[in-house]
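Everything below concerns the one structure shown next.
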Amino acid sequence: MMRAFSLAEARDWLQATVAGSVSALDAVRFDGVSTDTRSVVPGQLFVALRGERFDGHGFVRQAMEQGAVAAVVDTADSSLAIPQLVVADTVDALARLAAGNRDESSARLLAVTGSSGKTTVREMTSAILAGMGPTLTTEGNLNNHIGVPLTLFRLAPEHRFGAIELGASGLGEIAHTVAVVRPEVAILTNAGQAHLEGFGSYQNIVLAKGEIIDGVPADGVVVLNRDDPAFDQWRERAGRRRVLSVSRLGVSDADYQAVASTPMSEGFESEVTGPEGWHCKVRIPLAGEHNITNGLLALAACRALGATDQQIVDGLAGVQAVKGRLQVLNPAADLTVIDDSYNANPASMIAALNVLAGYPGTRVAVLGAMAELGAEAAELHRQVGAHAQAKGIERLLAVGPGAEAYEAGFGAGTEIFQSHEQAVPAIVDGRQGAITVLVKGSRSSAMDRVVEGIQTKVKNTCCSG
C-alpha cells in the first residue's frame, strides 16, 4: 500500500482548485487511488476519468458512499459533501498523482518496452529482483497511460525495486508514462510491426519505443537488443547514457552474448558471457529461442542494478510461462497445446511458428487474425502463412474474420473456419498419433476460446468414453 498523503499535497501536485468541503485539507488523508467504483475502499481518493464510452463523473457519489475521502474531477458537483480537487484533465491528474507517489519512493525501478517480449522480460526481471528485495511488478496488461499510474499507486515504502512494463499504440504514449516512472534502467526488446495501424509506419514504431530512452537519467542504463535492426538508432538516441547490448546471434561487439545454448525438456540452458570476462550458465525454462534473448536482456538489466550471479541463476530458473504466452498444455497424452493466444503481431507469430516447428509428430497452427496492421495487413498475413509452409507445418487452421488471409501464403490446404466452435472438432476429433497445436491470434480474435474448447472437448470425450 502506498503511504498516506494529505489532500493538501495532492492539491499542490495537481495545481487544483478545491470545491465542496474545503476545510482542513492537511487533515484529510488518502492511502490509495481508484478510478473504478467496483474497487473503491474506504480511505481512497477517487479519480473521475472520461472516455469515449464512459464518464467517471457519474459515479463520484457512489465512490463517496463507499468511503472515498475525496474526488478528482474536471467539473465539480456542489451537491457532494466530500472535497473535490478540480483540474482541467483528470487523466493527466492521474499521472501527476502517481508521480507524487513515485517521488516519495527510493525504490530502484526498471522499465521495459518493445513490440513483443516485454511481458516475458518483465516477468524475468521481476523474478531476479524479487531475490534482491521487495519488488513491485506490473500486473496483467496495465501498461498504458492509465495502467502505469495505477501500478505506481501500489509502490509502497517497503519496495526496493520495481519492474514496470510500458506499452503503446501511438507516438507520445511512452514519453508520457516513462516520465512518471523515471526508471534507472530501461530495456527495449525489439521493434516490430505491432499496432502498425496506430503508428502509421515501422519508423514511427522505432521512434515511439525509443521514447523510453528519454526518460532515463544521464547516469542511467539502457539495455538494447543488438540483434534488432533498430539497435543503431536507439544507441544513438541514448547519447551519453550507458548502453548495454545483448546478442544471441553471435554479434561479437555485444556486451552480453549467449555463446552456447542447449535445448532442454523445458526451455534452454545457455552459457552467457559479459563485460570484463564475466560468464554464467543460466537455465531459461520457457519455449522458444527468442526467450534466450529475453533472458539476456533481463540479466543485463538486473546486473546493472546489482544482482549477483546466484540471484540471476535462481530468478531465471524460476520463471513460469505467463498464461496465454507460449504456455505448454497437455490435455491428453497424444495432444500438446501451445497456448499463445494472448496476442499476436507478425514477429511474435514467426517466433511461435518456429517453436511449433521444433515439436515431433503432426504440427497444427490454429491462427486468428492479426489486428491493427493497416494497409499492410494482407501482405503480413501472407508472409506468416508462407513461413508456416516453409517450416513444414502440416496443417493451418484459419479461424474467424480476417484469418483467411493466411491462405495466400500457406496455400490451398488452409482450413478456414468462421468460428471457434467450428474449429475445435477439426483439431480434436480423429487425430492419429501425437499432435502439437499452436493457438495464436490478436486479442480481438479471442483465440483463448479455442484453447478452452479443446480442453473441454478432450475432457468430455475422455469422461464419456
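The values are calculated or read from the model by the stated rules, or taken from the named source; none is laboratory data. Just so we're clear, the structure is a prediction, and the values are computed from it rather than from any experiment. Here the Cβ is made from the backbone with ideal geometry for all residues, glycine too, and neighbour counts use every protein chain on show.
Only one residue in ALA317, ALA298, ALA238, ALA218 is over 27 Å from PRO134 (Cα atoms), of a type in the set (A, V, I, L, M) and modelled with pLDDT of 95 or more, so which one is that? Before the answer, list the steps.
Values: ALA317 fails: over 27 Å from PRO134 (Cα atoms); ALA298 fails: over 27 Å from PRO134 (Cα atoms); ALA218 fails: over 27 Å from PRO134 (Cα atoms).
After ruling out the rest, the residue left standing is ALA238.
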Quiz item: How about the stretch 145-174: which of its residues are at pLDDT 95 or above, crowded, with 20+ Cβ neighbours inside 10 Å and small (Gly, Ala, Ser)?
Solution: GLY162, ALA163, GLY167
Self-check item: Filter result (touching a residue at least 40 places away in the same chain (Cβ under 8 Å) and either surrounded by 20 or more Cβ atoms within 10 Å (Cβ to Cβ) or aliphatic (A, V, I, L, M) (or both)) within the stretch 127-144
Solution: ALA127, ILE128, LEU129, ALA130, MET132
Quiz item: Looking at (1) within 22 Å of VAL47 (Cα to Cα); (2) out of contact with any Gly (no Cβ under 6 Å at 6 or more places or on another chain), which is the one condition that is false for THR113?
Solution: (1)
Quiz item: Any residue at all in the stretch 433-444 that is touching a Lys or Arg at 6+ places or on another chain (Cβ under 6 Å), buried (at least 19 other Cβ atoms within 10 Å of the Cβ) and among the polar types (S, T, N, Q)?
Solution: yes
Quiz item: Residues of the stretch 336-350 being surrounded by fewer than 24 Cβ atoms within 10 Å (Cβ to Cβ) and either within 17 Å of the chain's Cα centre (by Cα) or not hydroxyl-bearing (Ser, Thr, Tyr) (or both), which ones?
Solution: TYR342, ASN343, ASN345, PRO346, ALA347, ILE350
Self-check item: Restricting the stretch 421-456 to residues that are acidic (Asp, Glu) and free of Cβ contacts under 8 Å to residues at least 60 places away in the same chain, the residue that is nearest to HIS381 (Cα to Cα)
Solution: GLU421
